Amino acid sequence: MLRFSRTYATKPLHQLKCGIEIHTQLNTKSKLFSLSSNNAFNSDPNTFISYFDIGLPGTQPKLNNEALLYALKLSKALQCDVNLDSSFDRKHYFYGDQPLGYQITQHFSPIAKNGKLEILPELDGVKEPLTVEIEQLQIEQDTGKSVYVTETATEETVSKIDLNRANLPLIEMVTKPNFTDSNQVKVFIKKFQNLVRYLDICTGDLETGAMRIDVNVSVDGFQRVELKNLSTTSSVMNAIKYEFQRQVKLIEAGRGDEIIIETRGWDGSKTNSLRNKESSLDYKYFPDPELPHILLDKSVMEELQLPELPDQVLSKLINKPYSLSLKDATILTYDLDLLRYYLDLFDLAVISNGVKNSKLPGNFVIHEILGNFSKLNMRFDPELIPVAKINELVQLIDNGTISNSSAKLLLQHLFNNNEDISRPLSELIDEFDLRKEETVDNDQELVSVCQEIINENEKTVKNLKKKPNGLKFLVGQAMRVTQGKVNAAEFERVFKGLLNVE
């Protein structure tokens, strides 16, 4: 159990402090200091490498300017102070997946410092605002990776080295310890993921290793512990909660001095000590003699143009003319293809064709179209159902030709029979007899439908006086039976007459 008081939101019994480090793998065309292709994910081991990537003596690094541009974009988006004279350093350590014997990074003079990312109640669904301070951004090269395989002949597990990832460009972002609960960390990670996707500098995927997260945790001012091997947002959350509990137990037992500066791994259920945390002296940093300083003109950052960022988009979507709920707007901002699809549909249906119900495009895209893709276990594909076809469908709902339920049936038919996309919707409406009937000449047919529903829902009918909303339920059942072709007001009139209710 977490040992918080009832006023946890304002004053916990034990104070958690977290800072995070995020390594963002840049999706440049080539690697950071060589011309090897940056397209090696899931490829055969050691097939995307050059002489420099594998540390061949005599080879020299040459900076990929595309990686520098991406770092400047992120720096500007995070409102950092950009260093007009930054440089590269060598960080020395000896692992099999680091063939140079050192990593090229920016220790003494990084590309940017002193940024921030705001977490806001009105945009991020949190109770209290939080300014997360960015300590610094630095450009550095990635390492290779160790792959553990079992030899068939001996059944021994051996470590093999794949250097496809070696020298891929990274931006390491370090925050100050501004987080006081794991939910804040979760919101920040999602927000940062979305930001790098909008800047088109990284996929933001944790599962593929494109983003890797380390968390520094301390409790009540005791020593901080670094947590590694956090491959999903849920593992970050769970690792923080576990480590908090572990440290609280030591503190409450009077053994806080046993909390030492160390690196711990997460195995899915608990944290385990990996090694004592190295200091800067352990790495023997010194300036890289083969790479010149990065010298920038003051005008560079002024002239650098950024796309519309997630917070700007979110703010636009929850206000007029879109007026989406924060939940629906957030869903759209997390998928750029879906967002473009919605905006195109809104422009076509509402702005160009005068659809009166401005919420129809959002409801249809977020709830119906995404729902159908989910049922088919498919990623959203804007080409499967063209925007023009959905615009046609939305207009038919808005002008009363078909009901919402009939439109859903038509959409499902188009998903299952994609060859009918080119057919006029009016043709399909007549073929499936989906045209809406505002009035019905034969009241007896309505009475028959309503009476059958009354007979099938005796409990609802019995409690109608206590629960007046039951009438809406009965009307909904009637609409479902008639596939929405009859106006709801007609059914409500008949039900009231049969049940003698106001």
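The values are calculated or read from the model by the stated rules, or taken from the named source; none is laboratory data. The structure presented is a predicted model; accordingly, all values stated were derived computationally and were not measured. Every residue, glycine among them, receives a Cβ derived from its backbone with ideal geometry; neighbour counts consider all protein chains shown.
Data for the structure
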{"item": "Entirely in segment 205-294, the strands (runs of 3 or more DSSP E) that have 3 or more residues that are closer than 30 Å to S86 by Cβ", "result": "211-219, 225-230"}
{"item": "Qualifying strands (runs of 3 or more DSSP E) (wholly inside segment 81-150; at least 1 residues being under 29 Å from Q184 (Cα atoms) and under 26 Å from the mean Cα position of the chain (by Cα))", "result": "112-119, 130-141"}
{"item": "Flag for Y322 being of a type in the set (F, W, Y), modelled with pLDDT of 95 or more and out of contact with any Pro (no Cβ under 6 Å at 6 or more places or on another chain)", "result": "yes"}
{"item": "Number of positions in segment 337-357 that are surrounded by fewer than 16 Cβ atoms within 10 Å (Cβ to Cβ) and under 17 Å from R197 (Cα atoms)", "result": "2"}
{"item": "Which numbered condition L393 misses (of (1) in a loop (DSSP other than H, G, I, E, B); (2) over 18 Å from the mean Cα position of the chain (by Cα); (3) surrounded by 13 or more Cβ atoms within 10 Å (Cβ to Cβ))", "result": "(1)"}
{"item": "Check on A153, under 20 Å from S231 (Cα atoms) and assigned to a loop (DSSP other than H, G, I, E, B)", "result": "no"}
{"item": "Residue match in segment 380-398 (condition: touching a residue at least 60 places away in the same chain (Cβ under 8 Å) and assigned by TED's automatic domain parsing to the domain that holds L345)", "result": "no"}
{"item": "Conditions (1) buried (at least 19 other Cβ atoms within 10 Å of the Cβ); (2) closer than 23 Å to Q106 by Cβ: number failed by V185", "result": "(2)"}
{"item": "Some residue of segment 401-411 being without any contact (Cβ under 8 Å) to a residue 40 or more places away in the chain, of a type in the set (V, I, T) and either within 30 Å of T330 (Cα to Cα) or assigned by TED's automatic domain parsing to the domain that holds G484 (or both)", "result": "no"}
